[in-house]
Amino acid sequence: MNFTLLITFLDGTSKEVTGIAADLVAFEAEYDLSVSRLNQDMKITHLLWLGWHVLKRTGETKDAFPKWVESVEGVEAGSPK
């Protein structure tokens, strides 16, 4: 199951990322929370972490999550792909 997120950075740039199953599995391991529960109990941290994980997995950032999130203005969930 793929998903898309639109990440807007403080410098005015934005990036659409597409996550894959590996990102969802990593999320469940990190938060001990099934992705099926995100519709009921979604936090902005969850969306940001997923966006960061996609960028880390694809080599587009080397920053740790706390450092990376300091550069982010916002995140929006896109439609499932």
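The values are calculated or read from the model by the stated rules, or taken from the named source; none is laboratory data. This one's a predicted model, so the numbers in the text were calculated from it and none came from an experiment. Here Cβ is always computed from backbone atoms with ideal geometry, including for glycine, and neighbour counts include all displayed protein chains. Areas reflect the complete protein model, heavy atoms only, side chains present, ligands, DNA and RNA absent. Shrake-Rupley method; radii C 1.70, N 1.55, O 1.52, S 1.80 Å.
Can you tell me which residues in the stretch 58-81 are aliphatic (A, V, I, L, M) and either touching a strand residue (DSSP E or B) at 6+ places or on another chain (Cβ under 7 Å) or surrounded by 15 or more Cβ atoms within 10 Å (Cβ to Cβ) (or both)?
V69, V72, V75, A77
Go through L33, L48, L24, L55 for me and flag whichever is assigned to a loop (DSSP other than H, G, I, E, B) and either touching a residue at least 60 places away in the same chain (Cβ under 8 Å) or open to solvent by less than 50 Å² (accessible area, probe 1.4 Å) (or both). Show your work before the answer.
Details: L48 fails: assigned to a loop (DSSP other than H, G, I, E, B); L24 fails: assigned to a loop (DSSP other than H, G, I, E, B); L55 fails: assigned to a loop (DSSP other than H, G, I, E, B).
Exactly one residue qualifies, and that residue is L33.
Given the criteria of a type outside the set (A, V, I, L, M, F, W, C), in a loop (DSSP other than H, G, I, E, B) and surrounded by 13 or more Cβ atoms within 10 Å (Cβ to Cβ), does D11 qualify?
It is false that D11 is of a type outside the set (A, V, I, L, M, F, W, C), in a loop (DSSP other than H, G, I, E, B) and surrounded by 13 or more Cβ atoms within 10 Å (Cβ to Cβ).
Within the stretch 62-77, is there a residue that is touching a Ser or Thr at 6+ places or on another chain (Cβ under 7 Å), of a type in the set (A, V, I, L, M, F, W, C), in a helix (DSSP H, G or I) and in contact (Cβ under 8 Å) with a residue 40 or more places away in the chain?
No, that holds for no residue.
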